[in-house]
């Protein structure tokens, strides 16, 4: 994303042209960035046995899943619906890992039918259910236990998952006994160990402790004759949302991981999502009104919390830049949407260029957990999604209509 002659471009496409043609708000993604981040992971692993399973929950558009599938990605899913989307996009079921704490019998059976690579299991009752479903189909289900290593990811509490107080995983102190009981199930093959301590991790030091704990656990399990051949070390690598914030280079993160696993003949699985798609996406919106309440300035735009809920949900920060570069004086304002909630804001007390009704803005780093968490709250049709490829762009999801709002009712 860069300005050329004061016009903001994504790859070689002026964003204002997209807004003029397709309206606002709209999500726009760059294919070059998505593929570049995926290849950065691939290249960092080199010859180390590995599988990159893109976390479909970050952005599940079929075109993006297809882009990654064609590049060789596997997929980390957390629902039957995500599996359906991955398969529709051409994903290889043999590269799919099913994670999540509340898998239903119907979802598990669907995944067994599709012969996915394996399941990251989070409780003993889940093991028993998968065993019974696999027995009915006459198949063996490959499983890993998601272990909770009790390591603090030092991230937002809503996206931290690696402590004992969280709902995810099995306490590492209980893992060996649970694996011992798992081996008694006739239709399960406990061939892996899994963990995931949270999302938006900007410091890899806690991860080094996780890697040590996971490798040590795998070694102990192998000593008990369990056929452990893979370590799923989760995702969670963050991206910079704030000015001055930096994320660890992907290569440094992967090299540290590989060093910890070296010599143990274990395939490494990882589940990156945000770090592949977040910076590749933005939400284009148009200024509707300017409003002043006393000393309080408001910039009212046509995007809202139903389009991008992260600021309201996490108080997350997204850079907001004009599509037309300007030297106008700065203002400090709240950027808010039309939703009938005080919590409907995209930025608060934000220093930004002085903008006026009709001006176009780009809300940056919105490629992850943006559209996937969008809703029809206040009966608002969801925006389109557009993929930029060089000097061309295409609609990869149409804007919803009012008729779409009542479909199924």
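Full extension of the chain between residue 379 and residue 105 gives 95.4 nm of extra length, using 0.36 nm per residue less the Cα-Cα distance.
Per residue and in Å³, how big is the convex hull formed by the alpha-carbon atoms of the chain?
On the way: hull volume 60.5 nm³, N = 409.
Spread over its residues, the Cα hull of the chain gives 148 Å³ apiece.
Counting only C-alpha contacts under 8 Å and six or more residues apart, can you give the relative contact order of the range 99-272 as a whole percent? About 20 percent, as a whole number. Relative contact order, whole percent, for the chain stands at 20, derived from Cα pairs under 8 Å and 6 or more residues apart.
Rounded, prolate or oblate: which fits the range 301-393, taking a ≥ b ≥ c as square roots of the Cα gyration tensor eigenvalues, rounded meaning a/c under 1.5, else prolate when a/b beats b/c? Oblate shape, in that a/c is at least 1.5 and b/c is the bigger or equal ratio.
What does the C-alpha gyration tensor say about the overall shape of the range 16-125? Classify as rounded when a/c is under 1.5, otherwise prolate if a/b is larger than b/c, or oblate. Intermediate results must be reported in sequence, preceding the final value.
Values: a/c = 2.46, a/b = 1.43, b/c = 1.72.
Oblate.
Restricting things to alpha carbons, find the Rg to Rh ratio for the range 206-293 using the Kirkwood radius for Rh. All intermediate terms of the calculation are to be shown ahead of the outcome.
Numbers: Rg = 19.8 Å, Rh = 16.1 Å.
On the Cα set of the range 206-293, Rg over Rh gives 1.23.
Pairs of Cα atoms nearer than 8 Å and 6+ residues apart set the relative contact order; for the range 231-308 it is 31 percent.
Comparing mean-square fluctuations of 80, 192, 273 from a GNM of the chain with C-alpha springs under 10 Å, the top value falls on 80. If you plug the beta carbon distance of residue 94 and residue 341 into 1/(1 + (r/R0)^6) with R0 = 60 Å, you get a FRET efficiency near 0.85.
Based on the Cβ-Cβ distance of residue 220 and residue 43, what FRET efficiency does E = 1/(1 + (r/R0)^6) give at R0 = 35 Å, to the nearest 0.05? Can you show the working numbers first?
On the way: r = 32 Å, r/R0 = 0.92.
The value I calculate is 0.60.
Stretched out fully, how many nm does the piece from residue 212 to residue 298 gain, at 0.36 nm a residue minus the Cα gap? The partial results should precede the final answer.
Working: separation 86, 0.36 × 86 = 30.96 nm, distance 4.94 nm.
Result: 26.0 nm gained on full extension.
To the nearest µm²/s, what D does Stokes-Einstein give for the range 248-369 at 20 °C and 1.002 mPa s, using the Kirkwood radius over alpha carbon pairs as Rh? Can you show the working numbers first?
Numbers: Rh = 16.5 Å.
Rounded to a whole number, D works out at 130 µm²/s.
Beta bridges assigned by DSSP with both partners in the range 99-272 are antiparallel in approximately 5 percent of cases. Diffusion coefficient (Stokes-Einstein, Kirkwood radius over C-alpha pairs, 20 °C, 1.002 mPa s) for the range 99-272: 128 µm²/s, rounded to a whole number.
Between residue 351 and residue 4, the modelled labels are 3.1 nm apart [label points 7 Å from Cα along Cα→Cβ].
Since every read-out is calculated from the coordinates, none of them should be taken as a lab result. Being a predicted model, the structure only gives us computed values, none of them experimental. Cβ: placed from backbone, ideal geometry, glycine included. Neighbour counts: every protein chain shown.
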